[in-house]
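Encoded as structure tokens, the structure appears first; notes follow it.
The values are calculated or read from the model by the stated rules, or taken from the named source; none is laboratory data. Here the structure is a predicted model, which is why all the values come from computation and not from measurement. Please note that ligands, DNA and RNA were not included when accessible areas were found on the heavy atoms of the full protein model with its side chains. Shrake-Rupley method; radii C 1.70, N 1.55, O 1.52, S 1.80 Å.
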Amino acid sequence: QVRLVESGGGLVRPGGSLRLSCTASGRIFEINNMGWYRQAPGKERELVAIRTNAGSTNYADSVKGRFTISGTGAKTTVFLQMNSLKPEDTAVYYCIAQRVGGYRWWGQGTQVTVSS
């Protein structure tokens with residue numbers, strides 16, 4: 001079992017920035033990728049960004065150039081730096097850890113609200 005704890009959500013004005021953090025504990029040796037999903041009200045959950053243990057990254061088109069995912073070499077922590085935030089970025093953001101074969105563990109989620 002892998003346990004994920006997120007922090008860093010909150011309320012920010014359009015154009016502002018937030019940094020999300022996620023720390024993994026437990027069977028971390030099983031983790032291959034870590035990343036972030038989000039779910040806005042009335043919408044399906046979607047991938048925001050993902051980072052492999054080798055350091056390669058992938059982003060949703062809607063956040064490219066604005067969000068940056070990074071992590072520690074110990075693969076226990078992943079960050080999501082979110083700049084130039086827009087109202088449409090408002091969602092619950094979930095940290096995920098994924099092992100080889102595709103199984104994912106999920107964090108409890110952290111609310112990000114972008115509003116003036």
Task: Order of exposure, largest accessible area first, which applies to Glu6, Glu46 with probe 1.4 Å - done: Glu46, Glu6
- [ ] Assuming 1.306 mPa s and 10 °C, estimate D for the range 6-116 with Stokes-Einstein, Rh taken as the Kirkwood radius over Cα pairs, in µm²/s.
- [x] 114 µm²/s
